[in-house]
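The values are calculated or read from the model by the stated rules, or taken from the named source; none is laboratory data. Being a predicted model, the structure only gives us computed values, none of them experimental. As a convention, Cβ positions derive from the backbone with ideal geometry for all residues, glycine included, and neighbour counts pool all protein chains shown.
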Amino acid sequence: MRLINIKPSRPLAVVLTLLPFALVFLAYAIGSEVRLAANPQDKLLPAPGKVFDTAIRLISEGDRRTGRILFWHDTWASLKRLGIGISISAFVGLLFGLLIGLLPVARRLLAQFVAVLSMIPPLALLPILFIVFGLGELSKVVLIVIGTLPFLIRDLSQRVLEVPEELLVKAQTLGASSWVIAIRVALPQVMPRLIQSVRLSLGPAWLFLIAAEAIASDLGLGYRIFLVRRYLAMDVILTYVIWITILAFLIDWALRRISRRFFPWAEEGL
Amino acid sequence: MSFVTVEDVFQSYGQRPIIERVNLSVDEGEFISIVGASGCGKSTFLRLLLAQERPTRGQVTIADAPPAKEPGLDRGVVFQRYSVFPHLTVRENVVAGESFRRPWGRFFGQERKEAQARADETLVRCGLNHVADNYPATLSGGMQQRLAIGQALAARPRILLLDEPFGALDPGTRLSMHDFLTELRAEIGMTIFMVTHDLEEAFKLGDRVLVFDKTRWDPHDQDRYGATITYDFDARNGGIPFQTLEEETHVLQAH
């Protein structure tokens, strides 16, 4: 039988899905075991049990000075920045995407400009943002917006351009104005794509968030990781990294569910 | 009295002429089939009728109105594909035929209920009432085209343009679509233009069959000349003309 025709059965599929996770965990456990056997004081690869204990301590015990559970405060601060940044990006991206995709005049005016803007490495602008917007929340949110917006505009305007010409002509024969075509034909057709693009933008958004937090912040997941790096507290770093991964995965999953729930007609391709 | 008048229309893309010297006069309620080889400009001609493109020379007028600059309410259209809105349910698609002309593209309150009731009547006529709440993607090709026709008619256009509407359907479905269109036409008597590849279909449905072809050929430069209407058949009575007596003959009278 050809390899391309071999499909895993249900139990095998579950095993195959879990296998890479198990292998990575196993590799880490063995590496940790070997290093700890040679030097019980080793901090580079703490034992899985120790990481777990640290995780429990982090999410349940308050800070010794203030009594706040920093883990949750970090999470909340980071998610707030991420949420505000991505929301602004999505909204502005949708607006400009529709303009560029639907109006030839706007396309001439903006398409090349956005294409050039998107080539600027956002992190290179970070010092400017800190100078202009200060070290507070604003500069971090702006970095996320600058980092994700050009991609969203380009992607969404492309999707609007891909709306079949026939549908636009049809809407015109039904008497629709440009505005009605935008809100009743183009907008609903790119909404699933917006969610898709936001899902793709979340990776860069986390990158910019953590970069901004690492440089100037007093709260946040990225800040904490770079803070405890000084003490080589690998158990804390690993806990935070795993937590960020889980958060990113959950957000992605939630967006996919939203897309399925609200845009059932766009089922394929999600 | 001519309803649709095409006067000396030329259309070229850049240096390349597509159609040339097209003159046509169509009465209200006529069904015009348009046939021709691929690339002979019949779809271009339909786009000119639709006002999706404007001719480089000449003009198209409908009911003596000034030539249109862009597609509008007076022309309805059904394409081979992408004729219905995939993000609207079947019923919403028909309602859209009436509501898209509004400032927000939708009806509210009582008006909305009435429009939905009218849409349901249209759906019954199209045989789609049982799938009113489904999305078009779940419909078969024939059902989607019936919906597209129903939607176009809901907007009450002056003329209906069909661009190879049944080209993607299987032969059985195509036959039932012919019956559907014939019945619909008997009911509403609308002026229809249909582009098709299928000669049999053209003669079966049309009152007149227009053939687009090139009258001049440059053997060194195939694209030198455009196409025009080379035949204008009377297709009533199965394509055999002079079957209906229109004058008093006196020969069959008893005395």
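Structure above, values below:
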| item | result |
| --- | --- |
| Any hit, segment A:231-243, residues being touching a residue at least 24 places away in the same chain (Cβ under 8 Å), buried (at least 16 other Cβ atoms within 10 Å of the Cβ) and within 14 Å of another protein chain (Cβ to nearest Cβ) | no |
| Output for segment B:56-93, where each listed residue is within 20 Å of B:E121 (Cβ to Cβ) and either more than 7 Å from every other protein chain (Cβ to nearest Cβ) or surrounded by fewer than 19 Cβ atoms within 10 Å (Cβ to Cβ) (or both) | B:V78, B:V84, B:L88, B:T89, B:V90, B:R91, B:E92, B:N93 |
| Residue match in segment B:70-80 (condition: in contact (Cβ under 8 Å) with a residue 60 or more places away in the chain and farther than 17 Å from B:M194 by Cα) | yes |
| Residue match in segment A:252-270 (condition: more than 30 Å from A:L187 (Cα to Cα) and either part of a helix (DSSP H, G or I) or among the aromatic types (F, W, Y) (or both)) | no |
| Residue within segment A:187-205 that is surrounded by 22 or more Cβ atoms within 10 Å (Cβ to Cβ), away from chain B (no Cβ under 14 Å), among the hydroxyl-bearing types (S, T, Y) and assigned to a helix (DSSP H, G or I) present | yes |
| Residue within segment B:164-185 that is buried (at least 22 other Cβ atoms within 10 Å of the Cβ), touching a residue at least 24 places away in the same chain (Cβ under 8 Å) and within 14 Å of chain A (Cβ to nearest Cβ) present | yes |
| Single residue of segment B:94-117 satisfying the filter (of a type in the set (K, R) and surrounded by 15 or more Cβ atoms within 10 Å (Cβ to Cβ)) that is farthest from B:L49 (Cα to Cα) | B:R106 |
| Set A:S139, A:S118, A:S178: member being more than 8 Å from every other protein chain (Cβ to nearest Cβ), hydroxyl-bearing (S, T, Y) and over 18 Å from A:P204 (Cα atoms) | A:S178 |
| Criterion: in contact (Cβ under 8 Å) with a residue 12 or more places away in the chain, in a helix (DSSP H, G or I), in contact with a strand residue (DSSP E or B) (Cβ under 6 Å, 6 or more places away or on another chain) and within 11 Å of chain A (Cβ to nearest Cβ) - qualifying residue of B:A137, B:A96, B:A148 | B:A148 |
| Members of segment A:133-176 that are surrounded by fewer than 17 Cβ atoms within 10 Å (Cβ to Cβ) and of a type outside the set (D, E) | A:F133, A:G134, A:L135, A:G136, A:L138, A:Q158, A:L161, A:P164 |
| Lone unmet requirement of (1) polar (S, T, N, Q); (2) part of a loop (DSSP other than H, G, I, E, B); (3) within 14 Å of chain B (Cβ to nearest Cβ) for A:S217 | (3) |
| Residue, nearest to A:V169 (Cα to Cα), within segment B:99-119, restricted to residues that are hydrophobic (A, V, I, L, M, F, W, C) and within 9 Å of chain A (Cβ to nearest Cβ) | B:F100 |
| Complete set of residues in segment B:196-231 that are charged (D, E, K, R) and under 18 Å from B:T44 (Cβ atoms) | B:D213, B:K214, B:R216, B:D223, B:R224 |
| Filter result for the condition that a residue is in a loop (DSSP other than H, G, I, E, B), in contact with a helix residue (DSSP H, G or I) (Cβ under 9 Å, 6 or more places away or on another chain) and not acidic (D, E), over B:P66, B:P103 | B:P103 |
| Test: residue in segment A:91-99 that is under 22 Å from A:D252 (Cβ atoms), crowded, with 16+ Cβ neighbours inside 10 Å and among the aliphatic types (A, V, I, L, M) | yes |
| Top-ranked residue in segment B:186-197 [being of a type outside the set (F, W, Y) and surrounded by 17 or more Cβ atoms within 10 Å (Cβ to Cβ); ranked as modelled with the lowest pLDDT] | B:M190 |
| Any hit, segment A:208-222, residues being in contact (Cβ under 8 Å) with a residue 60 or more places away in the chain and among the polar types (S, T, N, Q) | yes |
